[in-house]
Amino acid sequence: MIYTNFREIDKAGRIVISKDIRKHLNISAGDILQINADDECITIRKAEAKCVFCNSQENLVAFEGKHLCQACLDKLKK
């Protein structure tokens with residue numbers, strides 16, 4: 001199913017993502033979104049949790065809003 005909404009950008013540059021789209025994509029308050037732009041298009045998607053150092057998506061530990069994999073965390077401890 002394709003969801004289409006038309007929204008006005010407010011003076012602060014914000015838009016509202018409708019409840020039905022957020023529910024469909026399992027987006028909640030506090031989630032991180034990835035925003036990409038090219039010459040003609042803006043793409044917004046839910047960011048995948050990955051290690052800030054090696055981009056691994058396995059064995060992640062959250063720290064102050066960032067993710068680290070266990071391997072990188074072990075290296076930092078040394």
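The values are calculated or read from the model by the stated rules, or taken from the named source; none is laboratory data. Quick caveat: nothing in here was measured; it's all calculated off a predicted structure. Here Cβ is always computed from backbone atoms with ideal geometry, including for glycine, and neighbour counts include all displayed protein chains. These area figures cover heavy atoms from the full protein model, side chains too; ligands, DNA and RNA do not enter into them. Shrake-Rupley method; radii C 1.70, N 1.55, O 1.52, S 1.80 Å.
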note = With 0.36 nm assigned to each residue of separation and the Cα-Cα distance removed, residue 58 to residue 2 gains 17.1 nm
task = Quote the accessible area belonging to residue 74 in square angstrom, nearest 10, computed with a 1.4 Å probe and with ligands, DNA and RNA left uncounted.
result = 70
request  = Treat every Asp and Glu Cβ in the chain as -1 and every Lys and Arg Cβ as +1, leave all other atoms uncharged, and give the resulting dipole magnitude about the Cα centre to the nearest 20 debye.
outcome  = 360
request  = Scan (1) 15.2; (2) 12.0; (3) 16.1 for the value of Kirkwood radius over Cα pairs in Å calculated from this model and give just the label.
outcome  = (1)
ask   = Taking segment 1-47, which trypsin sites (Lys or Arg not before Pro) meet the DSSP loop condition and have no more than 16 other C-beta atoms within 10 Å?
value = 7, 11, 14
note = Averaged per residue, the 1.4 Å probe accessible area of the chain, protein heavy atoms only, in Å², is roughly 92
ask   = How much of the accessible area of the chain, in percent, comes from carbon and sulfur atoms when a 1.4 Å probe is used?
value = 52
note = Per-residue accessible area, 1.4 Å probe, largest first, puts 67, 24 in the order 24, 67
inquiry  = Can you compute 3J(HN,Hα) from phi for each residue in segment 21-37, using the Karplus curve 6.51 cos²θ - 1.76 cosθ + 1.60 with θ = phi - 60°, rounded to whole Hz and x for Gly and Pro?
reply    = 6, 4, 5, 4, 9, 6, 9, 10, 4, x, 5, 9, 10, 9, 10, 10, 9
task = Would you check the chain for Lys pairs whose C-alpha atoms are within less than 16 Å, ignoring same-chain pairs closer than 8 in sequence, and give me the count?
result = 4
query = Hey, if you put +1 on the Cβ of every Lys and Arg and -1 on every Asp and Glu Cβ in the chain, which of 28, 73, 43 ends up farthest toward the positive end of that dipole?
reply = 73
ask   = Which FRET efficiency, nearest 0.05, do residue 26 and residue 75 yield, Cβ-Cβ r, R0 25 Å?
value = 0.20
